[in-house]
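> Take this structure, written in structure tokens, and hold onto it; I'll ask about it next.
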Amino acid sequence: MTDDLVFHALSDANRRRLIDRLHAQDGQSLRALGDGLAMTRQAVAKHLACLQRAGLVHSLRAGRERHYFLDAAAMHQVAMGWVRKFEHPRPPPVPVIGETERPGV
């Protein structure tokens, strides 16, 4: 799993929607995840495969179906690594000439 795979997986709104659905109810089948979405089952399966490659989702076979589960560890690693460096306080912006307050104006 690399940050690039995670960012690629999260870049698509349909994949983010599937993640949201798994967050709301883990362990859904491909059919259940696709219900109500304007996608074919094949498209849902391709999006889930991308999420699996990124390590965001894993699946377990139950009889003839696969059930998908959210694995937020990859997202957490990206958040704790790459994204977190932007949370540190930044120095105040340098004032632009002409935008400073002038007394008595």
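Nothing in this text is a laboratory measurement; each read-out follows from the coordinates by a stated rule. Because the structure is predicted, anything quoted here is derived from the model rather than measured. Counting neighbours? That spans all protein chains shown, and the Cβs are built from the backbone with ideal geometry, glycine included.
> Identify, by number, the condition in (1) closer than 19 Å to Asp12 by Cα; (2) free of Cβ contacts under 8 Å to residues at least 12 places away in the same chain; (3) touching a strand residue (DSSP E or B) at 6+ places or on another chain (Cβ under 9 Å) that Ala38 doesn't meet.
(3)
> For Val44, indicate whether it is at negative phi, in contact (Cβ under 8 Å) with a residue 60 or more places away in the chain and either within 14 Å of the chain's Cα centre (by Cα) or in a helix (DSSP H, G or I) (or both). Please lay out each step first, then the result.
Details: at negative phi: yes; in contact (Cβ under 8 Å) with a residue 60 or more places away in the chain: no; either within 14 Å of the chain's Cα centre (by Cα) or in a helix (DSSP H, G or I) (or both): yes.
Answer is no for this residue.
> Yes or no: the range 61-79 includes at least one residue that is surrounded by 14 or more Cβ atoms within 10 Å (Cβ to Cβ), free of Cβ contacts under 8 Å to residues at least 60 places away in the same chain, in a strand (DSSP E or B) and aliphatic (A, V, I, L, M).
Yes: one or more hits.
> Across the range 47-60, which residue is nearest to Arg16 (Cα to Cα) among those that are in a strand (DSSP E or B) and in contact with an Asp or Glu (Cβ under 9 Å, 6 or more places away or on another chain)? Full working, then the answer.
If we filter the range 47-60 for residues that are in a strand (DSSP E or B), which is where we start, we get 57-60.
Cutting the leftovers down to in contact with an Asp or Glu (Cβ under 9 Å, 6 or more places away or on another chain) gives us 57-58.
Working: Val57: 12, His58: 15 Å.
My answer is Val57.
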